[in-house]
Amino acid sequence: MLENKKKEQMKFIYPETLISPDEIEIYGKEEKELIPETNPFEMAKKQIDIVAKEMCLNDNIKKFLKRVERSLIVSIPIKMDDGDLEIFEGYRVQHSTLRGPGKGGIRFAPNVNLDEVKALATWMTWKCSLLCLPLGGAKGGICVDPKKLSKNELERLTRRYTTEIINVIGPDIDIPAPDVNTDPQIMAWIMDTYSMHKGRAIPGVVTGKPIEIGGSVGRETATGMGLFFVLEALCTKMNIDLKTQSIVVQGFGNVGGNIAQILYDKGCKIIAVSDISGGLYSNRGLNIKELLEWRDGKNYLKDFQNKDYNYISNEDMLMLRCDILIPAAMENQITKVNANNLKCKVVLEGANGPTTPEADDILKKKGIIVVPDILANAGGVCVSYFEYIQDIHSYFWKLERINHELKNILVNTFENVYILSKEKNVTLRIASYMIAIARLAKAIELRGIFP
Ligand code: NAD
C-alpha cells in the first residue's frame, strides 16, 4: 500500500482517471512500469512497434508515423461569473495530414493532457486510413471540469479556445468534432466563433453541429450505430444470435448511451451500464429507456432507485460474466492488472484506447475477441465525413442514406479486417492496423518527404 504522499505525487504525474486507485496500489512498488502501460501516447507508439514488426515495416516509415505533425498548447483566460479570472490549458494536436485535413474530436475533461491528446490524434489517423476516408488524424481538448462551469462560462471558454487555435483549424486544415463532455451546442459556438473571425458562415469548420446550422442527421447516434453494425457483422461470422447475448456497457454518454439504446430496442439483454459515478447491474436485464431518461434529467446512475438493480463499481463491472463487454468511457480501462479477470467472449471497443497492449496479449491468450476502437467506434468519424461532404455541397442527405452508406463502409471494412486476420493469423486489432498503416505508408512513399 502506498503512503498518501506518494499517491498524491503519482496523481500529479498520472491523472486520476487514467489509473484507478487499485492500480496505484498494485503498481506502487514498480512506479517505472506504470509509464508504458498508462501513458496513452506511449501506448500508441507501442502499438505501432507491434504492428511494424508484424508488417516488416520500413524503419523510416515507422519513425515518421510515430511523431505528431503539430502540437499546439494554448492558455485560455476566462472571466468567471463572479468576476474572478481562471486560466485553463487547451490543446490541439495534428498527428497526420498526409491523406487529407486533420479530423478528430475535442474533449473537455479535468485530466486532459498533451500525451492523451497526442495518442487520440494518432488513433484518429489510423481510423480514417482504415476506413479509407480522405482525412488525417487530429484531436483537441481543454483541461477543465465543464460540470463546474455555468453555461455562460462554458460558452466563453469554447469561444476563447477556438480563437486561440483558429490558425490551425479550418475546413481544409483540421476539422474538430464532439468528444467527451462536448456536444452539438459547443460545436455551434466553435462554428460561430470561427465564422465571425472569417466574416462569413463556414459550417465546414466543425462536424457534429446542430442540424439547423449545417449538421447532419444521424451524427449524434453515428458512433453507436457503427458499433452495432460492426457487432452484427461479427455475430454473423461467429454464428451467434445477438438477442441471446448478455451485454455490459461501461460509459453512458453519447457512445455508451446510444449503443445501449440501439441494442435494447433490438431486444438485447443489457445486464449492466455505468457512468462516472459507477454502475447498475441486474442479471435479468436493465430497462435502458428508463435509465436514459434518468440520465437526461442530469442524474447519476448511482442514484437511480430500483430494488431489482444492484450498484456495481466501474472496476467490478468489467469483470462481470457476460458475452459482450463494451467499454465506452475512457482509455486505459482494461490493463494487465484486470485483463485476466475478464469473463466475456467479446470486447467491443466503444471508447478510444480502452485496452492496453499488455492487456491485449492477455485477452488473446484467453481467447477473448477484441474488436478494436479504430474499427468498432469509427461510425462517428464516418458520419462526420458525410457531414463535411454535405456542407461542401450544401446538399443534405436523408437518414436512410446516412445509415445505408455508414453500414456499407463499416461492414466492408470489417470484412477486409476479418479476412486479413484469418489469413495472417493475427488479432482484429493487428489486422486493422496493418490495413491502416499500409495505406499511410503508400501515401508517404508517393508524396515523399519534403523538401
Ligand atoms: P460522453 O462525455 O458523452 O460520455 C462519457 C461517459 O463516460 C459518461 O457516461 C461519463 O460519466 C463516463 N465516464 C467518464 N469518465 C469515466 C471514468 N473514468 N470511468 C467510467 N466512466 C466514465 O463521451 P462520449 O462521446 O460518449 O465518448 C466516450 C468515449 O468514446 C471516449 O473514449 C471517446 O473518445 C470515444 N469516442 C467518441 C465518439 C463520439 O462520436 N462522441 C466517437 C468515437 C469514439
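In nanometres, what is the gap between the two model label sites at ASP296 and ARG284, each 7 Å from Cα along Cα-to-Cβ?
2.5 nm
Among GLY251, ASN310, VAL144, which residue has its Cα positioned farthest towards the positive end of the charge dipole of the chain, with +1 placed on the Cβ of Lys and Arg, -1 on the Cβ of Asp and Glu, and the dipole taken about the Cα centre?
Selected residue: GLY251.
Let a ≥ b ≥ c be the square roots of the eigenvalues of the Cα gyration tensor of the range 300-451; is it rounded (a/c under 1.5), or, if not, prolate (a/b larger than b/c) or oblate? Intermediate results must be reported in sequence, preceding the final value.
Values: a/c = 2.20, a/b = 1.34, b/c = 1.64.
Cα axes put the range 300-451 in the oblate bin.
Considering only protein heavy atoms, what is the solvent-accessible area of ILE211 at a probe of 1.4 Å, reported in Å² to the nearest 10?
100 Å²
Hydropathy first: keep DSSP H helices in the chain averaging at least -1.0 on Kyte-Doolittle, then drop any whose Cα extent along the axis falls short of 15 Å, and list what survives. Could the numbers behind the result be given before it?
On the way: long enough: 40-55 (22 Å, -0.24); 114-130 (24 Å, 0.28); 151-164 (20 Å, -1.94); 184-198 (21 Å, -0.19); 222-238 (24 Å, 1.26); 254-265 (16 Å, 0.23); 379-393 (21 Å, 0.32); 399-424 (37 Å, -0.40); 428-447 (29 Å, 0.86).
Those that pass (Cα extent of 15 Å or more, hydropathy at least -1.0) are 40-55, 114-130, 184-198, 222-238, 254-265, 379-393, 399-424, 428-447.
Evaluate the charge dipole of the chain about its Cα centre and quote only its size in Debye, nearest 20, assuming +1 on the Cβ of each Lys and Arg and -1 on the Cβ of each Asp and Glu. Intermediate values should be presented prior to the final figure.
Numbers: 58 positive and 58 negative charges, 226 e Å.
That gives the chain a dipole magnitude of about 1080 debye.
Top to bottom by accessible area (1.4 Å), largest first, where do LEU114, LEU342 land?
Listed by decreasing accessible area, they come as LEU114, LEU342.
Leaving out ligands, DNA and RNA but keeping every protein chain, what accessible area does PHE228 have, in Å² rounded to the nearest 10, with a 1.4 Å probe?
The value for PHE228 is about 10 Å².
Going toward the positive end of the dipole of the chain, with +1 on Lys and Arg Cβ and -1 on Asp and Glu Cβ, which of GLY380, ILE61, LEU320 do you reach last?
Value computed over the given set: ILE61.
Rank ASN113, MET124, ILE190 by how far each Cα sits towards the positive end of the charge dipole of the range 69-205 (+1 on Lys, Arg Cβ; -1 on Asp, Glu Cβ) and give me just the farthest.
In the range 69-205, that residue is MET124.
Dipole size in debye (nearest 20) for the range 151-296 around its Cα centre, Lys and Arg Cβ +1, Asp and Glu Cβ -1? List each step's numbers first, then the result.
Details: 15 positive and 17 negative charges, 34 e Å.
That gives the range 151-296 a dipole magnitude of about 160 debye.
In what order, largest first, do VAL217, VAL230 sit by accessible area if the probe radius is 1.4 Å? List each step's numbers first, then the result.
Working: VAL217 45, VAL230 0 Å².
These residues rank, largest area first, as VAL217, VAL230.
With the other protein chains left in place, how much accessible area per residue, in square angstrom, belongs to the chain at a 1.4 angstrom probe?
Working: 19770 Å² over 451 residues.
Spelled out: the 1.4 Å probe surface of the chain, per residue, equals 44 Å².
Could you size up the charge dipole of the range 69-205 around its Cα centre, putting +1 on the beta carbon of Lys and Arg and -1 on that of Asp and Glu, and report it in debye to the nearest 20? List each step's numbers first, then the result.
Numbers: 17 positive and 17 negative charges, 95 e Å.
About 460 debye.
What accessible surface, in Å², does a 1.4 Å probe find on THR244, ignoring ligands, DNA and RNA and rounding to the nearest 10?
Surface open to solvent at THR244 totals about 90 Å².
Using just the Cα positions, wrap the chain in a convex hull and report its mean projected area in square nanometres, one decimal place. Could you put the intermediate results ahead of the total?
Working: hull surface 89.2 nm².
If I average the Cα hull's projected area over directions, I get 22.3 nm².
The values are calculated or read from the model by the stated rules, or taken from the named source; none is laboratory data. Bear in mind that the values here come from a model prediction, so they are computed numbers and not experimental data. Please note: Cβ atoms are built from the backbone with ideal geometry, for glycine as well, and neighbour counts cover all protein chains shown. Surface areas here come from the heavy atoms of the whole protein model, side chains and all, with no ligands, DNA or RNA. Shrake-Rupley method; radii C 1.70, N 1.55, O 1.52, S 1.80 Å.
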